[in-house]
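The values are calculated or read from the model by the stated rules, or taken from the named source; none is laboratory data. Because the structure is predicted, anything quoted here is derived from the model rather than measured. Every residue, glycine as well, gets a Cβ built from its backbone with ideal geometry; the counts of neighbours run over all protein chains shown.
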Amino acid sequence: MNVRYIDRLQFHETFLNINSIKDQTGLTICNSVTEFLKQNNLFSRIEAAERDGAPAMTGVENGFTAHFSKETGNKCTFVHCVAHRLNLAVMSVKSTPEVKGLCDLIYNLCQFLSDSPKRVQVLKDHQDKLNLKLIKPFYIRWMSSFDANERVILLFKEIVETLSDFKNFSVIAEGLLSKMCHFTTLLNLCGFTDILGVLKNLTLEFQKQRRVISSVNTDIKYTISCLNELISNGTFVGNLSYHLIHEYKSAGTYCGVKLHLKENEDLNNEINNFSDVMKTVLVQIIKNLESRFLSDHVLKIFDLFDFEKIISADIKEDYGCQNLREIANFINIVMKPEIKIDIEIALKQYNKLKPCLKIMFKNADLSNINSVIHSTYYGILLNMVK
């Protein structure tokens with residue numbers, strides 16, 4: 001259990017406790033959380049709660065959300081964890097046969113080469129100076145899938161050499177080796193890793209304890225634009241897949257390993273099929289990102305204040321002031337924990353901008369602000385303006 005709070009305009013996140021519970025029902029979780037918060041005089045100060053999307057947490061009748069809402073008198077806003085939403089948006093594409101096949105291949109590969117000390121040592125011996133291990137993916141968080149895929153590509157030659165050492169003694173090694181040396185399998189692996197690479201920066205932003213809250217919306221939109229750019233690239237989805245195709249066409253190899261196509265398979269057809277599959281995956285991820293983030297009611301708070309317009313507007317009449325840039329900077333300072341704020345300077349700046357802030361809040365549609373989000377950040381600004 002973590003808590004986020006603001007003290008003297010400084011943002012803080014603190015680990016509170018790990019509670020042991022007898023079962024995983026919503027009521028039990030709620031009772032455990034409520035008891036701890038009341039014992040530490042924190043219960044009455046809770047404004048919002050972030051949780052994952054498990055039925056025990058989100059159930060409308062017996063979930064944690066339902067029970068905790070009753071405890072707080074429906075005054076608490078609940079937010080679905082952005083990291084979990086990202087995971088759900090990305091891993092929904094596992095229904096695509098090619099992606100599911102890749103996930104199963106990586107998992108089985110890691111399982112085979114990691115569960116035997118002998119095979120671990122052989123893989124290590126085939127490496128020159130890297131001394132790396134395979135990363136077993138855990139699909140609760142997609143980031144582990146990206147790391148696992150990237151490591152397999154990095155150690156591709158060494159993995160093939162290790163499997164070759166065991167193929168005469170293990171049917172599993174022989175089957176994995178055949179798949180690893182198949183051009184189409186490796187191409188799909190590179191393509192999906194290219195896509196996951198675009199999402200890496202986004203998930204790293206979500207993992208930061210300290211970040212500019214108002215940038216979530218911008219981060220999602222920028223990521224979607226990058227994914228759309230991959231779609232527009234046509235056959236070559238990204239760097240990894242491009243280099244694989246280029247090397248295969250010129251030498252029939254990848255990292256010095258001979259790759260093969262099945263009989264009656266045509267290279268151009270395989271590349272076109274790969275392109276179609278990756279476009280399907282991209283479209284599905286974009287659709288899920290849009291539905292899980294951009295349409296989320298919590299992010300509507302940013303539309304109330306129209307941050308992008310405040311920061312970039314040239315027409316100052318919209319807010320009736322000459323300090324749009326200063327207002328935007330001041331709001332960001334309030335929400336940027338990494339900036340050490342001198343309270344006296346901040347108050348002087350606030351007093352200077354107070355008339356403009358009042359105009360801005362007056363023009364914003366605040367009629368439903370309490371139903372949109374209970375945010376400490378905006379609570380501070382509202383109280384200051386009052």
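Side notes on the structure shown:
- Long-range neighbours under 8 Å by Cβ, at least six apart or interchain, first residue touching a residue at least 24 places away in the same chain (Cβ under 8 Å) and β-branched (V, I, T) within region 10-29, second surrounded by 12 or more Cβ atoms within 10 Å (Cβ to Cβ) and in a loop (DSSP other than H, G, I, E, B): T25/N62
- Taking the criterion of being aliphatic (A, V, I, L, M) and at pLDDT 80 or above, the residues of region 69-90 that qualify are L86, L88, A89, V90.
- Wholly enclosed helices (runs of 4 or more DSSP H) of region 126-225 bearing at least 2 residues at pLDDT 85 or above and farther than 22 Å from L113 by Cβ: 183-207
- Residue list for region 256-287, filter: part of a helix (DSSP H, G or I) and aliphatic (A, V, I, L, M): L267, I271, V277, M278, V281, L282, V283, I285, I286
- Scanning region 5-23 for residues that are surrounded by 12 or more Cβ atoms within 10 Å (Cβ to Cβ) and in contact with a helix residue (DSSP H, G or I) (Cβ under 8 Å, 6 or more places away or on another chain), we see that the one that is modelled with the lowest pLDDT is L9.
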